[in-house]
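One structure is given here, and the rest of the page talks about it.
The values are calculated or read from the model by the stated rules, or taken from the named source; none is laboratory data. Fair warning: this is a prediction, and the values are worked out from it, not measured in the lab. All Cβ positions, glycine included, derive from the backbone under ideal geometry; neighbour counts span all protein chains shown.
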Amino acid sequence: MIAIAPAVQHNWDWRAAGNFVCGGTGSGLLAMAAGAAWLGEPLFEVAAIAALAIIGLGLFLVWLEIGRPWRFANVFRNPATSWMSREAWAAALLFPVGALGAVTGSPVLISIAAALAMVFLFCQARMLHAAKGIPAWRDAAVVPLVNATGLTEGGGLLLAAAAMTGGAPNWLSITVLILVIWRGVLMLVYVYRLRGRKLPIAARGSLASMALLVVMAGSLLPAALLITTVPDWAQALGGLLAAGAGWYFKYVLVCRLAFTQGFAIEHSPTRGRSPAGPGARPGWAR
């Protein structure tokens, strides 16, 4: 029975988690840069370049994980059926448009790049949802949660950087406040949907501790720091907590909650005409 019980998958490791972390953070940061561009905020070009660099780092990490890295071009071959291919095509369009927008300072180009980044982030979320053999990934609640987390990471990182370099604008503080509350609600929805018998027993402890940390340290505490007028250091701390909780969530999701479905038998076999024995579903609650 041990051999057929749920076990943590090993095809994706910390490098794959790094791609989800960097992809979400960079996409969220680019979306914030687009908002800053239209509001006339200074240095939005720097934020856009940083976003592209972060996304590129994530793709580099996942490239390191490929068994035959110099065959990476094959990922572009199946956009009609593969969310990974769609992610690759979104990235291929995102980088030139984003770089051109950062160089020219065009809000229009930055906004187009931000839209492509949202497509990129959505593809990452759907990649997880498409892995039907992983109970913690296949639930539909993972898609809005990963999308909200990416936006929160990018907003939190920009808020921390702005607060530490002269003060964050009010619109950014309010945006991050809304995002951390939204992510906290979606995290509770995700945990609620995986309650009962929808998750292997071995994964439940990691889910509970992760959700508690994300909701408390990644949502409630940043919201408390941002809901009133606070000094710059408190805003920076709130932004870092908002981003760091998202990074922790994605690492746990990919590396610790990724238990396979395992196998089950409806009835145990017997010899002769004896009635069949009871079934078994190792690693799951009865």
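Points to keep in mind about this one:
- Residue count for the stretch 249-259, restricted to those that are under 13 Å from the mean Cα position of the chain (by Cα) and either part of a loop (DSSP other than H, G, I, E, B) or surrounded by fewer than 23 Cβ atoms within 10 Å (Cβ to Cβ) (or both): 3.
- Residue count for the stretch 131-152 satisfying the condition of being in a loop (DSSP other than H, G, I, E, B) and within 30 Å of residue 36 (Cα to Cα): 1.
- Residue-level analysis places residue 92 among those that are surrounded by fewer than 16 Cβ atoms within 10 Å (Cβ to Cβ), on the phi < 0 side of the Ramachandran plot and among the aliphatic types (A, V, I, L, M).
- Take the conditions (1) over 20 Å from the mean Cα position of the chain (by Cα); (2) crowded, with 23+ Cβ neighbours inside 10 Å; (3) more than 18 Å from residue 169 (Cβ to Cβ); residue 34 misses just one of them, which is (3).
- Qualifying residues in the stretch 239-280 (those that are of a type in the set (Phe, Trp, Tyr) and at pLDDT 90 or above) - the one nearest to residue 169 (Cα to Cα): 247
- Note on the stretch 95-128: among residues that are among the hydrophobic types (A, V, I, L, M, F, W, C) and over 21 Å from residue 33 (Cα atoms), the one that is surrounded by the fewest Cβ atoms within 10 Å (Cβ to Cβ) is 127.
- Checking 136, 140 one by one, the residue that is among the small types (Gly, Ala, Ser), surrounded by fewer than 17 Cβ atoms within 10 Å (Cβ to Cβ) and closer than 22 Å to residue 257 by Cα is 140 and no other.
- Verdict on residue 37 being in contact with a Pro (Cβ under 9 Å, 6 or more places away or on another chain) and either in a helix (DSSP H, G or I) or farther than 23 Å from residue 183 by Cα (or both): yes
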